1. Need pairs with beta-carbon distance below 6 Å; first residue among the charged types (D, E, K, R) and in a strand (DSSP E or B) and within the stretch 173-189, second modelled with pLDDT under 95 and surrounded by fewer than 19 Cβ atoms within 10 Å (Cβ to Cβ); sequence gap 6+ or separate chains.
2. Just to be sure I understand, how many residues within the stretch 149-170 are in a strand (DSSP E or B) and of a type in the set (A, V, I, L, M, F, W, C)?
3. Which numbered condition in (1) closer than 24 Å to A44 by Cα; (2) in contact (Cβ under 8 Å) with a residue 60 or more places away in the chain; (3) touching a strand residue (DSSP E or B) at 6+ places or on another chain (Cβ under 7 Å) is the only one that W117 fails?
4. Looking at G188, is it within 27 Å of E104 (Cα to Cα) and either polar (S, T, N, Q) or surrounded by fewer than 11 Cβ atoms within 10 Å (Cβ to Cβ) (or both)?
5. Among (1) at pLDDT 95 or above; (2) among the polar types (S, T, N, Q); (3) over 14 Å from the mean Cα position of the chain (by Cα), there is one condition T99 misses while meeting the rest; what is its number?
6. Could we say that Y196 is of a type in the set (S, T, Y), touching a helix residue (DSSP H, G or I) at 6+ places or on another chain (Cβ under 7 Å) and assigned to a helix (DSSP H, G or I) here?
7. I'm told D132 meets every condition in (1) over 17 Å from L168 (Cα atoms); (2) acidic (D, E); (3) surrounded by fewer than 18 Cβ atoms within 10 Å (Cβ to Cβ) except one. Can you identify the failing condition by its number?
8. Taking only the stretch 135-163 into account, find how many residues are aliphatic (A, V, I, L, M), surrounded by 13 or more Cβ atoms within 10 Å (Cβ to Cβ) and either without any contact (Cβ under 8 Å) to a residue 40 or more places away in the chain or under 30 Å from V10 (Cα atoms) (or both).
Amino acid sequence: MFEGFSRESVDFLWNIRFNNYRSWYQEHKEECRRYVDGPMKALAAQLLDTLSREHPEMGLVCKVSRIYRDTRRLYGRPPYRDCMWFSIFSQVRSPEGQTSFYFELAPERYSCGLGCWGATSQTMARLRGIVDRDPRRVEGLMRQLEAQGEFQLESRPYKRPKGDPGPLLAPLYNSRYFSINCDRNCEGELFTPELYDQVLSGFRFLVPWYNFLQEAVWDQKQPQFSV
């Protein structure tokens, strides 16, 4: 059962940022397990269980990040991460992108949201096709997003716009990639069991966006997982 993160969770991530070498980590490995890795896995498991019961057709699975990077692919980066996250996504995979709910804890903030990692140009073209065929549906999603005060659409636009569907839909239509994110300071609910309810509420709000993205990934509604 998730009981919340703690001040020690945030302190550890600050410390690994400024002491990012093996000897320091080995001396503080138990702190990572107790204050960061353990709560992260507990929160991920609890959210996965609830979402799986509410949406069994999605066939959801979860992946929790590791504190250490693959030493074969450091490319000049330090060996340990100073943020941890998990993602929840369908076990029905597609090479066209992976739509995922996510939660991330960093020293200065925590965040949750939704994105489609590895989305191909074909996926984004199909997304624009959905907008062209059913603009009212996507306008409804955008208005709901604008009406609430937590999640924000973050996008990387094409250098040359793909079209002009109007000001409401343009940021989405002309994106080569986008995600929907909510960032908060490391305070309040982060240190209580109520963080689970906060993140779950956000994920529930994003379910229609998840379905929209999956439709673009698969060029149809996502194949249902047999239950």
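The values are calculated or read from the model by the stated rules, or taken from the named source; none is laboratory data. The structure displayed is predicted, hence computed values, not measured ones. Note that we place each Cβ from the backbone using ideal geometry, even for glycine, and neighbour counts take in every protein chain shown.
1. R176/R156; R176/Y158
2. 1
3. Only one criterion is unmet by W117, namely (2).
4. Considered against the rule, which asks whether it is within 27 Å of E104 (Cα to Cα) and either polar (S, T, N, Q) or surrounded by fewer than 11 Cβ atoms within 10 Å (Cβ to Cβ) (or both), G188 comes out as no.
5. (3)
6. In short, yes.
7. Failing condition for D132: (1).
8. The number of residues fulfilling the criteria is 3.
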